[in-house]
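See below for the structure under consideration.
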Amino acid sequence: MKILVTGCRGQLGTELRDVLEAKAPNKTTYIDIDDLDLTDEGAVARYLRQGDFTHIVNCAAYTNVELAEEEKAKCHAVNINAVSNLARLADELDLRIIHISTDFVFDGTAHRPYTESDKTAPQSVYASSKRKGETVLLGLSPNAIIIRTGWLYSPHGKNFVKTMLSQARQGKPLRVVADQIGTPTYATDLAEMIARILLRGPWTPGIFHYTDAGVASWYDFAVAALEAAGMPEAAAKVTPIPTADYPTAATRPHYSVMSKAKITATYGVKIPHWQASLRRCMERILSNEE
């Protein structure tokens, strides 16, 4: 087994490196944009043909939901064209791909958790590009696995948890949307799931949903993050607001909770609740600051 992880310096890629090196050291190559431009079909072909890889985990993505409305071409290049390049080579070289997608492929009008068979209806440039990436991948490399996730956070990079913590410490008033519902996902938990598929199997092609367990609004998430950081006074001052009071360039789903029944049944895993995982992550964030 020889694994290639793309997007290795992002939140998920960073966590995946830690998990894989602990469970199966020296079996994985980690690359990011400085190492290989995935939108360059020729460069991707040369790299993969020389690499003798057996598996690819594609964590690379254009994820700036707001900026994507202006940078449509750049977003499509990374979320569609790059995926197409990897898929073509995976089919040619018989490589197995795990590709990360998003809860944003749904329109958010449901009132119960979305299943993998539910109709998609992306509402933004970013969401549309991720859905197109899914269809391109499965069309070119039908043996691929796609994992849709959402509300990802970790001790690394920029994310909602770290932003709330930073702003609260600066004494800034926090007004957080309370009518968008989903599930926070600790990147380490998703990395553990990916490693479980890679190292233990079975390899079951198709689309799976993975987030942590439970349901929350962004307001709930913010309050829980500050409480986990030992800042109950700041948590009590967070103001819930409707989406209408926080206009954005991109339309976001009001409800994006996803059912994990398929992935838990297929792989026999127990998914942790988001609040428990948030506490674990916050412990790491605070210890890194010491």
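Going by the structure shown, is P184 touching an Asp or Glu at 6+ places or on another chain (Cβ under 9 Å), buried (at least 22 other Cβ atoms within 10 Å of the Cβ) and either more than 23 Å from A110 (Cβ to Cβ) or not small (G, A, S) (or both)?
On the way: touching an Asp or Glu at 6+ places or on another chain (Cβ under 9 Å): yes; buried (at least 22 other Cβ atoms within 10 Å of the Cβ): yes; either more than 23 Å from A110 (Cβ to Cβ) or not small (G, A, S) (or both): yes.
When the stated conditions are applied, P184 passes them.
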Among helices (runs of 4 or more DSSP H) completely within the stretch 80-174, the ones holding 1 or more residues that are at pLDDT 95 or above, open to solvent by 50 Å² or more (accessible area, probe 1.4 Å) and under 24 Å from T264 (Cα atoms) are 125-140
Looking for whichever is open to solvent by 80 Å² or more (accessible area, probe 1.4 Å) and among the hydroxyl-bearing types (S, T, Y) here; the options are T54, T63, T28. Which one fits? T63
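Among the residues that make up the stretch 232-245, is at least one of them outside any helix (DSSP H, G or I), among the basic types (K, R) and either surrounded by 13 or more Cβ atoms within 10 Å (Cβ to Cβ) or at pLDDT 95 or above (or both)? Give the steps one after another, and end with the answer.
Just the residues of the stretch 232-245 that are outside any helix (DSSP H, G or I), to begin with: 237-242.
Imposing the further condition that a residue be among the basic types (K, R) reduces the set to 237.
Next, from what is left, pick out any that are either surrounded by 13 or more Cβ atoms within 10 Å (Cβ to Cβ) or at pLDDT 95 or above (or both): 237.
The answer is yes, given that some residue of the stretch 232-245 is outside any helix (DSSP H, G or I), among the basic types (K, R) and either surrounded by 13 or more Cβ atoms within 10 Å (Cβ to Cβ) or at pLDDT 95 or above (or both).
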For residues in the stretch 189-209 being part of a helix (DSSP H, G or I) and open to solvent by less than 20 Å² (accessible area, probe 1.4 Å), which is nearest to K23 (Cα to Cα)? A195
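Can you tell me which residues in the stretch 144-167 are over 19 Å from S259 (Cα atoms) and in contact with a helix residue (DSSP H, G or I) (Cβ under 8 Å, 6 or more places away or on another chain)?
Taking the stretch 144-167 as the starting set, the residues that turn out to be over 19 Å from S259 (Cα atoms) are 144, 153-167.
The answer is A144, Y153, S154, P155, H156, G157, N159, F160, V161, K162, M164, L165.
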Restricting the search to the stretch 8-25, which residues are surrounded by fewer than 16 Cβ atoms within 10 Å (Cβ to Cβ) and of a type in the set (G, A, S)? A22, A24
Can we say D37 is in contact with a helix residue (DSSP H, G or I) (Cβ under 9 Å, 6 or more places away or on another chain), acidic (D, E) and free of Cβ contacts under 8 Å to residues at least 24 places away in the same chain? yes
Can you confirm whether E71 is at pLDDT below 95, open to solvent by 10 Å² or more (accessible area, probe 1.4 Å) and either within 15 Å of the chain's Cα centre (by Cα) or more than 16 Å from G10 (Cβ to Cβ) (or both)? no
Members of the stretch 15-50 found to be assigned to a helix (DSSP H, G or I), farther than 24 Å from I80 by Cβ and of a type in the set (K, R), listed by number: R17, K23
Is it true that some residue in the stretch 37-51 is open to solvent by less than 20 Å² (accessible area, probe 1.4 Å) and touching a Phe, Trp or Tyr at 6+ places or on another chain (Cβ under 8 Å)? no
Within the bounds of the stretch 168-186, is there any residue that is under 30 Å from A90 (Cα atoms) and touching a helix residue (DSSP H, G or I) at 6+ places or on another chain (Cβ under 8 Å)? yes
State all residues of the stretch 235-284 that are within 19 Å of the chain's Cα centre (by Cα) and aliphatic (A, V, I, L, M); if no residue qualifies, say none. A250, V257, M258, A261, I263, V269, I271, A276, L278, M282
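In this structure, is D212 open to solvent by less than 10 Å² (accessible area, probe 1.4 Å), over 22 Å from N143 (Cα atoms), in contact (Cβ under 8 Å) with a residue 60 or more places away in the chain and not basic (K, R)?
It is true that D212 is open to solvent by less than 10 Å² (accessible area, probe 1.4 Å), over 22 Å from N143 (Cα atoms), in contact (Cβ under 8 Å) with a residue 60 or more places away in the chain and not basic (K, R).
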Evaluate the following for S217: is it hydroxyl-bearing (S, T, Y) and at pLDDT below 95? no
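The values are calculated or read from the model by the stated rules, or taken from the named source; none is laboratory data. All values derive from a computational prediction rather than experimental measurement. In this analysis, Cβ positions are derived from the backbone assuming ideal geometry, glycine residues included, and neighbour counts consider all displayed protein chains. The area values use the complete protein model at the heavy-atom level, side chains included, leaving out ligands, DNA and RNA. Shrake-Rupley method; radii C 1.70, N 1.55, O 1.52, S 1.80 Å.
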